[in-house]
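Read the structure below first, then the notes.
The values are calculated or read from the model by the stated rules, or taken from the named source; none is laboratory data. Worth saying up front: this structure is predicted, and the values here are computed from it rather than measured. Cβ coordinates were reconstructed from backbone atoms using ideal geometry, including for glycine residues, and neighbour counts include every protein chain displayed. Note: areas computed on protein heavy atoms with side chains; ligands, DNA, RNA excluded. Shrake-Rupley method; radii C 1.70, N 1.55, O 1.52, S 1.80 Å.
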Amino acid sequence: MLIRALIVLLFVLNLGVAAWWITRPAPEPPLPPELPAGVARLQLVDEPQANAAPPPAANTPSSAVTAAPAEPQACFSLGPFADAAAANTVLEKLRPQILRSKLREVPGVSASGYRIVLPPAATREEAQANAQRIGAAGFNDFLIINSGDEINSIALGRYRNRESAERRLSALQAAGFPAQMLPAGRAPPSKWWLDVGATAAADPAGWAAQTGGATPQSLDCTALR
């Protein structure tokens, strides 16, 4: 009888221990040992870093998108102007209405013809030697210039039309002479034009009053690219 009671008591005690073991709270993890000042704690490869920045969103662009420059709504040429300074003065007046601009020089062209010359030699003797070589090569109609800005150069002909002048020039250059083609007479001065690309708010119709009569002429905007 006593033995049976002890067996029952042991069974009840085992049940109690088992129930306590199952329902006991999880033990607290041990605190890491305190490190000396200035010593960094080792971190596992898979351990998240406390100060790590969050990964960028999938749709976030890596860099800011740069806005493309505005394109002109229409383009015009203003001029002609007597010189570059006059064209720049007009440009400053119209600048709030302009996106792009380009100053363009158009050289004056003489209407009296063309002349072929050999550039000036350093001395009279060298000019004479050049003239002898030109004659020996079979060319005629040449003359050494004895005074003025072109002294010791050699005149090789004057022509009314450009085609004849170019034929003479090509023949001399093919023979090895560094001839040049120049306008005959005094060429008129260059003219200057201002090519501009206008903003959407520009008022080209009013530009003539602002610029003293420089009426705008339509221009293909590809000329400003």
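Sticking with the crude label model, points 7 Å out along Cα→Cβ, report the distance from SER164 to ASP220 in nm, one decimal please.
Reported label-point gap for SER164 and ASP220 is 3.5 nm.
Rank these by accessible area, largest first, 1.4 Å probe: THR211, THR89. Let's see the in-between values first.
On the way: THR211 20, THR89 75 Å².
Per-residue accessible area, sorted high to low, gives THR89, THR211.
At what distance in nm do the modelled label points of GLU71 and LEU13 sit from each other, each positioned 7 Å from its Cα along Cα→Cβ?
Modelled inter-label distance: 9.6 nm.
Assuming R0 = 45 Å, what is the FRET efficiency of ASN140 and GLU105, from their Cβ-Cβ distance, to the nearest 0.05?
Details: r = 38 Å, r/R0 = 0.84.
That gives a FRET efficiency of 0.75.
Carbon and sulfur together cover what percent of the accessible area of region 177-220 at a 1.4 Å probe radius?
Values: 1310 of 2360 Å².
Summing carbon and sulfur atoms, their accessible area is 56 percent of the total for region 177-220.
Tell me, what is the 1.4 Å probe accessible area of LYS93, in Å² to the nearest 10?
110
Out of the GluC sites (Glu not before Pro) in region 145-225, which ones are loop residues according to DSSP with at most 15 other C-beta atoms within 10 Å? List each step's numbers first, then the result.
On the way: sites: GLU150, GLU163, GLU166; in loops: GLU150.
Answer in residue order: GLU150.
Please report the relative contact order for region 120-225, taking Cα pairs under 8 Å with a sequence separation of at least 6, and give it as a percent rounded to a whole number.
Values: 70 pairs, mean separation 16.2, N = 106.
Computed over region 120-225, the figure is 15 percent.
SER190 versus ALA82, label points 7 Å from Cα toward the beta carbon: distance in nm?
1.7
Over region 154-216, average the accessible area per residue using a 1.4 Å probe and give it in Å², no decimals.
Numbers: 3490 Å² over 63 residues.
Ligands and nucleic acids excluded, the figure is 55 Å² per residue.
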